[in-house]
1. For a test of understanding, tell me how many lysine pairs in the chain have Cα atoms under 13 Å apart, given they are 8 or more places apart or on different chains.
2. Over the stretch 2-203, what is the percentage of antiparallel beta bridges among all DSSP beta bridges, to the nearest 5?
3. Could you give the size of the charge dipole of the stretch 2-203 about its Cα centre, using +1 on the Cβ of each K and R and -1 on the Cβ of each D and E, expressed in debye and rounded to the nearest 20?
4. 222 nm [θ] for the chain, helices only, -39500 (n - 2.57) per DSSP H run of 4+, per residue, to 500?
5. Would you mind putting 180-190, 149-159 in packing order, based on average other-beta-carbon counts within 10 Å, highest first?
6. Return the FRET efficiency for the residue pair Arg95, Asn121: r is the Cβ-Cβ distance, R0 is 41 Å, and the value is rounded to the nearest 0.05.
Amino acid sequence: MIIKCVPGGIFIENCYIIGDEDTNEAMLVDPGEQIEEISAEIEKSGLEVKKIVNTHTHLDHVAGVEVFKKKFGIPFYIHQKEQPVLDVLPEAKMRFPGFEFVEVPEVDGYVKEGDTLSVGNLRGEILLVPGHTWGHICFVFEESIIAGDTVFAGSVGRVDLTGGTTMEELIGSIRSEILKYPDHYEIHPGHGPQTTVGIEKGTNPFLVGSFVL
């Protein structure tokens with residue numbers, strides 16, 4: 001399996017390219033405004049991108065979706081509960097100068113928790129992890145978790161942005177859906193460096209012990 005992280009943009013958002021070495025097929029996760037960097041990485045890798053699947057649809061994670069949909073003629077998928085967040089993207093663009101170029105992408109289909117996500121011969125699991133947004137999903141391929149903005153190295157996602165619920169729900173979702181995996185599983189977050197389940201379970205101040213607000 002190939003996992004390439006392409007950080008960039010105003011908020012240093014991580015886009016991921018997940019590829020299957022056997023078939024040379026790949027998918028994009030959360031292509032943001034770092035369009036040139038993502039394009040260069042795809043070209044260098046020689047992978048054939050077949051789909052885009054987003055963890056959630058905040059502006060920094062979706063800014064490049066329409067560009068790559070058109071460039072490769074590929075479909076775009078999210079969880080259905082995430083559609084309301086995408087629907088207010090035009091208003092979100094107005095609050096952040098520099099994002100005026102962003103086109104609101106049309107969703108081609110919905111995925112849901114428990115679905116199998118296929119990339120070539122790779123098979124991944126979809127987790128629904130609400131908190132940062134209503135329909136935030138994570139992907140588990142082999143021993144790697146693409147976590148979006150749920151959990152970071154030493155921190156967790158915000159719940160005060162569009163679609164956010166409560167910190168209690170976010171922490172509960174992380175504990176039940178992500179920390180259930182073995183300690184050696186890698187966590188690839190939507191911002192910042194890679195970490196592991198064990199590291200966050202043992203050192204993340206939001207997840208250690210019985211953290212409550």
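Just so it is clear, none of the values below were taken in a lab; they were calculated from the coordinates. If you're wondering where the values come from, they're calculated on a predicted model, not measured in any experiment. Heads up, the Cβs are rebuilt from the backbone with ideal geometry, glycines too, and the neighbour counts pull from every protein chain shown.
1. 9
2. 70
3. Computed charge dipole of the stretch 2-203: roughly 200 debye.
4. -6500 deg cm²/dmol
5. Ranking the peptides 180-190, 149-159 by packing returns 149-159, 180-190.
6. The formula returns an efficiency of 0.45 here.
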